[in-house]
Amino acid sequence: MKKFRGIFLKNDHEISLLREANQIVARILDDIESRIRPGITTMDLEERANELCAQYQVKPAFKGYQGFPYTLCCSLNDVIVHGFPTLDELKSGDILSIDMGVQYRGFFGDSARTFAVGDISSEAGRLMQVTMDALYKGIQQARAGNDLYDISAAIEMHAKKNACSIIKRFVGHGIGASLHEKPELPNFVPSRMLGVPLKKGMVLAIEPMFSLGSEQVEIMPDNWTARTADRSLAAHFEHTVAITKDGPEILSTLDN
């Protein structure tokens with residue numbers, strides 16, 4: 001792999017492996033989505049994800065990573081990210097963010113979606129839509145010749161326009177033969193920081209996390225579960241995106 005400012009630039013073969021890894025994640029998340037309903041538990045979803053990883057002959061990317069104990073991050077309502085699966089039943093009106101990754105032939109896939117459980121409030125639906133739209137606005141800027149912070153600016157602008165708070169503590173990242181690589185990709189433009197020119201071959205996990213209230217975060221005693229400090233609802237969407245000569249390619253979708 002070539003490097004630019006410490007960032008790995010992937011060749012076509014490496015991107016093809018990343019595409020396969022991420023499409024497996026997309027298939028697993030599609031299966032998980034089909035099972036989400038009131039009465040099911042997130043531990044049920046965890047068990048299904050493990051079954052599918054075995055079926056696809058991939059290794060869960062998160063399980064054991066820095067001590068994280070599960071295959072899925074299941075983050076309910078005011079949990080932003082890194083929530084644990086539990087035996088509590090989902091209820092109509094909940095929103096559930098699921099972050100999922102796999103390792104396939106030495107390369108990683110990583111994607112997240114927020115799902116509605118039954119009938120949700122209009123405000124919860126708005127939060128989900130704004131966060132997902134911000135992800136795609138960021139992806140549109142993932143083009144060779146742009147700057148890394150063009151992605152950040154597009155996400156930040158959409159959050160502000162729609163009165164959502166950006167959870168600044170967590171950022172996107174490069175991805176490849178490691179789950180987390182350079183560069184860090186904030187969902188806002190940092191002050192007094194130089195950006196990074198985007199180059200063909202960069203692969204980025206772009207992942208806005210927004211809330212309806214405070215941007216402040218509280219970490220629970222398990223040292224993983226991150227909740228909004230004011231217990232307002234949070235949403236999280238993520239795609240892995242390759243920068244190609246033809247523009248951004250979303251690797252973690254089956255719609256290519």
Looking only at residues in the stretch 143-182 that are β-branched (Val, Ile, Thr) and outside any loop (DSSP other than H, G, I, E, B), which one is nearest to Ala21 (Cα to Cα)?
Ile151
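Looking only at the stretch 135-142, decide whether some residue is in a strand (DSSP E or B) and surrounded by fewer than 19 Cβ atoms within 10 Å (Cβ to Cβ). Outline the logic, then answer.
Here is the first cut: in the stretch 135-142, the ones in a strand (DSSP E or B) are none.
No, the stretch 135-142 has no match at all.
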All positions within the stretch 39-76 that are more than 16 Å from His180 (Cβ to Cβ), free of Cβ contacts under 8 Å to residues at least 12 places away in the same chain and of a type in the set (D, E, K, R):
Asp44, Glu47, Glu51
For the condition charged (D, E, K, R) and in contact with a helix residue (DSSP H, G or I) (Cβ under 7 Å, 6 or more places away or on another chain), what is the one hit in Asp150, Asp133?
Asp133
When Leu90 is run through (1) closer than 27 Å to Arg169 by Cβ; (2) in contact (Cβ under 8 Å) with a residue 60 or more places away in the chain, the failure sits at (2)
Pairs with Cβ under 6 Å, 6+ apart, first in the stretch 190-212 and over 12 Å from Arg5 (Cα atoms) and in a loop (DSSP other than H, G, I, E, B), second of a type in the set (Val, Ile, Thr) and at pLDDT 95 or above:
Lys200/Ile243; Pro208/Thr131; Pro208/Ile155
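Let me confirm something: among Lys168, Lys182, which residue is basic (Lys, Arg) and more than 30 Å from Ser121 (Cα to Cα)?
Details: Lys168 fails: more than 30 Å from Ser121 (Cα to Cα).
Checking each option against the conditions leaves just Lys182.
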So which residues in the stretch 32-45 are surrounded by fewer than 21 Cβ atoms within 10 Å (Cβ to Cβ) and in contact with a Ser or Thr (Cβ under 8 Å, 6 or more places away or on another chain)?
Pro38, Thr41, Met43
Residue list for the stretch 247-256, restricted to those being assigned to a loop (DSSP other than H, G, I, E, B) and more than 23 Å from Leu127 (Cα to Cα):
Leu251, Leu254, Asp255, Asn256
Here's a check for you: in the stretch 213-246, which residue that is among the aliphatic types (A, V, I, L, M) and not in a strand (DSSP E or B) is nearest to the chain's Cα centre (by Cα)?
Leu233
Can you tell which of Ile24, Ile36, Ile15 is farther than 30 Å from Ala144 by Cα and not hydroxyl-bearing (Ser, Thr, Tyr)?
Ile36
Checking Gly101 against (1) in contact (Cβ under 8 Å) with a residue 60 or more places away in the chain; (2) more than 15 Å from Glu238 (Cα to Cα); (3) touching an Asp or Glu at 6+ places or on another chain (Cβ under 6 Å); (4) not aliphatic (A, V, I, L, M), which test does it fail?
(2)
Only one of Arg126, Arg113 is out of contact with any strand residue (DSSP E or B) (no Cβ under 8 Å at 6 or more places or on another chain) and outside any loop (DSSP other than H, G, I, E, B), namely Arg126
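Mind listing just one residue for me: the one in the stretch 51-106 that is polar (S, T, N, Q), on the phi > 0 side of the Ramachandran plot and assigned to a loop (DSSP other than H, G, I, E, B) and, of those, surrounded by the fewest Cβ atoms within 10 Å (Cβ to Cβ)? Before the answer, list the steps.
From the stretch 51-106, those polar (S, T, N, Q) are 55, 57, 66, 71, 75, 77, 86, 92, 97, 103; that's our starting set.
Going one step further and asking which of them are on the phi > 0 side of the Ramachandran plot, we end up with 57, 66, 77.
Narrowing the set further to residues that are assigned to a loop (DSSP other than H, G, I, E, B) leaves 57, 77.
Values: Gln57: 10, Asn77: 19.
Top of the filtered list is Gln57.
The values are calculated or read from the model by the stated rules, or taken from the named source; none is laboratory data. Quick caveat: nothing in here was measured; it's all calculated off a predicted structure. As a convention, Cβ positions derive from the backbone with ideal geometry for all residues, glycine included, and neighbour counts pool all protein chains shown.
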